[in-house]
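The values are calculated or read from the model by the stated rules, or taken from the named source; none is laboratory data. This structure is a prediction, so every number in the text was calculated from the model and none was measured. Because the Cβ atoms are built from the backbone with ideal geometry, glycine has one as well, and the counts that use them run over all protein chains shown. Areas reflect the complete protein model, heavy atoms only, side chains present, ligands, DNA and RNA absent. Shrake-Rupley method; radii C 1.70, N 1.55, O 1.52, S 1.80 Å.
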Amino acid sequence: MSKRLLLSAQIAILLIASLTMLGAGDPSARYQKLGHKMMCVCGCNEILLECNHVGCTDSTRMTTELRSHIDAGLSDAAIFTWFADKYGNTALASPMRGNLFDKLAWVIPFIVLLLGLIAIVFALRYWSRRHAQLPAPAYTAPTPDSDALRDRIRNDTTYGE
């Protein structure tokens, strides 16, 4: 029984060590992850950590604030909420899932797509039924007048005979 306990303890230590080596809990990895989920507010429409303006005061201020919040131990949601409250929702690269507006921002495009597909199906059904209801043209037997007209057309349209 003690061999099993020793083996499970070794496996647990191995798992903890491997997670540490992979960067789990690394503040710089978290900084990179969060910084790529936010936008610079200087108007360049760039991701916060990729703002390429020389001397951009907005990106340096925001990255400093991001580092201080990470060092303070705030959760990701708390950091995003703080940035959205201070700079507005434009500071986030994608809407947070939380309040009603943000939920609608994720759901409405799919609803519009579904309604468009339903409208196309109804339009196709309407047009196919309308086409099926049209009466077939009545067949009329040729008359001597139509034979004479056909002969006259042939005579008028023949070239070089």
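Summary of values
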| quantity | calculated |
| --- | --- |
| Residue that is modelled with the lowest pLDDT, among those in the range 74-111 that are outside any helix (DSSP H, G or I), under 13 Å from L34 (Cβ atoms) and among the small types (G, A, S) | S94 |
| Residues that are open to solvent by less than 100 Å² (accessible area, probe 1.4 Å) and at pLDDT below 85, drawn from the range 116-143 | S128, A132, A136, A138, A141, P142, T143 |
| Matching residues in the range 56-73 - criterion: being farther than 18 Å from S28 by Cα and surrounded by 12 or more Cβ atoms within 10 Å (Cβ to Cβ) | C56, D58 |
| Counted residues, the range 74-90 - those being more than 11 Å from R30 (Cα to Cα) and out of contact with any Leu (no Cβ under 8 Å at 6 or more places or on another chain) | 10 |
| Pick from the range 1-33, criterion surrounded by 10 or more Cβ atoms within 10 Å (Cβ to Cβ) and of a type in the set (S, T, N, Q), ranking: modelled with the highest pLDDT | Q32 |
| Enumeration of residues in the range 38-55 that are in a loop (DSSP other than H, G, I, E, B) and crowded, with 17+ Cβ neighbours inside 10 Å | C40, V41, C51 |
